Amino acid sequence: MLVLDANILIRAVLGKRVRQLLETYAARGARFYAPEAAFADAEKYLPALLSKRGKPVEDLPAAIEYLRSLVEAMSSDTFAGYETAARQRLRGRDEEDWPIVAAALSLACGIWTEDTDFFGAGVVVWTTDRVELFLSAIAESPISEDE
């Protein structure tokens with residue numbers, strides 16, 4: 001089980017590696033979550049990023065819908081009781097990221113992100129270049145080089 005930050009959701013739409021990891025490990029039983037706020041951030045920033053890369057923006061709703069089939073969206077009601085603790089852990093950093101930490105605390109799981117603000121916040125943090133170490137340990141088998 002992992003909580004995904006908005007930057008991972010964005011990478012899942014823009015690139016191949018994150019999407020491949022999500023698809024493969026979701027099929028093998030891994031569970032992925034993201035607060036609705038993370039989905040909202042991804043939807044906010046993706047149009048400009050897609051345009052900059054010369055990719056069609058009109059495909060975005062379908063891409064987000066597909067992502068929601070792999071990553072369970074969490075309403076703030078499910079982790080609101082952890083807001084104070086999450087904000088305290090992020091004090092002096094980006095406190096607006098509190099939903100990610102609060103969601104991880106509520107599920108007693110780690111975070112998948114590329115944002116260094118989460119390091120030292122008292123939850124396990126995985127980056128894309130290392131997350132497969134965790135995912136392969138909880139799933140049936142790791143991705144082979146051929147997949």
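Taken together, the values in this text are just the output of simple stated rules run on the coordinates, not laboratory data. What you are looking at is a predicted structure, and each value in this text was computed from that prediction instead of being measured. All Cβ positions, even for glycine, are placed from backbone atoms using ideal geometry, and neighbour counts span all protein chains on display.
Return the long-range amide H neighbours of M74 (sequence gap of 5 or more, or a different chain), with a cut-off of under 5 Å between placed amide H atoms.
Correct list: A34, E36.
Please tell me the relative contact order of the range 2-138 in percent, rounded to the nearest whole number, where contacts are Cα pairs under 8 Å and at least six residues apart.
Working: 178 pairs, mean separation 41.2, N = 137.
It rounds to 30 percent for the range 2-138.
How big is the Rg/Rh ratio for the range 2-138, C-alpha atoms only, Rh by Kirkwood, two decimals? Intermediate values should be presented prior to the final figure.
On the way: Rg = 14.4 Å, Rh = 15.1 Å.
Looking at the range 2-138, the ratio lands at 0.96.
I'd like the FRET efficiency for Q20 and Y45, computed as 1/(1 + (r/R0)^6) with the beta carbon distance as r and R0 of 30 Å, rounded to 0.05.
On the way: r = 21 Å, r/R0 = 0.71.
Approximately 0.90, to the nearest 0.05.
How would you rank 115-123, 51-59, 27-35, highest first, on the average number of other Cβ atoms within 10 Å across their residues?
On the way: 115-123: 16.9, 51-59: 9.8, 27-35: 18.7.
Most protected by this proxy first, the peptides run 27-35, 115-123, 51-59.
Could you list I138, I8, I64 in order of exposure, starting from the residue whose Cβ has the fewest other Cβ atoms within 10 Å? Don't jump to the answer; show the numbers that get you there.
On the way: I138 13, I8 29, I64 16.
Sorted ascending by nearby Cβ count, the order is I138, I64, I8.
Considering only DSSP beta bridges with both partners in the chain, what is the antiparallel share in %, to the nearest 5? Before the final figure, lay out each step's value.
Values: 0 of 10 bridges.
Counting DSSP beta bridges with both partners in the chain, the antiparallel share is about 0 percent.
Using r as the Cβ-Cβ distance of R87 and V124, and R0 as 22 Å, what FRET efficiency do you calculate, to the nearest 0.05?
Details: r = 19 Å, r/R0 = 0.87.
For R0 = 22 Å, the calculated efficiency reads 0.70.
Whole-Hz Karplus ³J(HN,Hα) for the range 110-115, in order, using 6.51 cos²θ - 1.76 cosθ + 1.60 and θ = phi - 60°, x for Gly and Pro?
x, 10, 10, 7, 10, 8
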